[in-house]
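Here is the structure we will look at.
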Amino acid sequence: MCAALLFFSACAGRHQHPAPSQPQALSIGGLLEGACQAAGRAGPAVRHCPPYLEMLVADGRITVGLGIGTQDLGRVQIPEDPTLWRSSQHCRLFGRDVAVEARLILTKEDFRRALEECEVLFITSHSRFGAGPVFLHDGKSQPFRMQTTPDYKVVMPDSEVAGYQGAVLSTFHDSEKDRGYTVFAPDASDLENSFPLRGYQLLVMSTCSSLRHFLDDIEAFRKGYPTTGIFAASPSLMDTDMRVFKRLIYEIFRGASAQGIVDGINAEYRAVAWSEMKRGRPPWKMVEALFTLGIDTVSP
């Protein structure tokens, strides 16, 4: 496998409080169409289609998955009609007409299938202290269990266990914080029942401290297949308008380098964070883009 593993520091902030007004229903088709149009107006970032994008469009289509976390991170209005949870459209990329097929990921079963079927994946969610991402229709009690590190300990404040069922290793009380904690054993039962996409995949884990929690798991899962993994180096917010996801797709459609994709994501996170602060929401920690590049291009 030849993989680019990138780490980004998102603007931090544990919870995003909802605005009082009812949010508009999320349109996966609208997000993809907007990214395509914006990329067309801006023009390609490079003269020739980069290797990773060549792999994505080799069969004339790109499959995209957008994973939505739980409502305590922010209110995301999902369309009531399930047919609107998917989208199929065309975009002109480097002189080629490419079909873009997109889906929302709302359960851990959706995520299991997306790991096998989607070439581009963006997950915005809790990390559940390393147990795994959680999705809108499952709730915090049912993370996608993907923690494979043998000695890893999933340490949850008792107030955050929220019904999570796992093998308890120990409990303790932190006298300084005056909080109780439960320590769970690592569990990879969901990942172990999943299969990797047999081809190039670009996976963004926009979940709190996913670099620390899930880097080893994704590397092991994707072993043997070309992969670009982008992980959060710090706590991250859920952008309820999905501007960060749209920026990711925009950068891919323009053929941006791996570094360009990460820079774009970080820039969008900073813009979202400032917007939230102006609305009187809790302040976010503003962090510059910090990441480590393995390699800038990916080849089979």
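Quick note: the coordinates plus some simple rules give every number you see, no bench work behind them. What you see is a predicted model; the values in this text were computed from it and never measured.
Values as computed for the structure displayed
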| item | result |
| --- | --- |
| Hz values of 3J(HN,Hα) by residue in segment 210-226 - Karplus curve (6.51, -1.76, 1.60), Gly and Pro given as x | 5, 4, 6, 7, 10, 4, 4, 5, 5, 4, 5, 5, 8, 4, x, 10, x |
| Rg over Rh, two decimals, segment 143-234 (C-alpha only, Kirkwood Rh) | 1.03 |
| Measure of compaction for segment 88-172 (Cα Rg per 2.2 N^0.38 Å) | 1.45 |
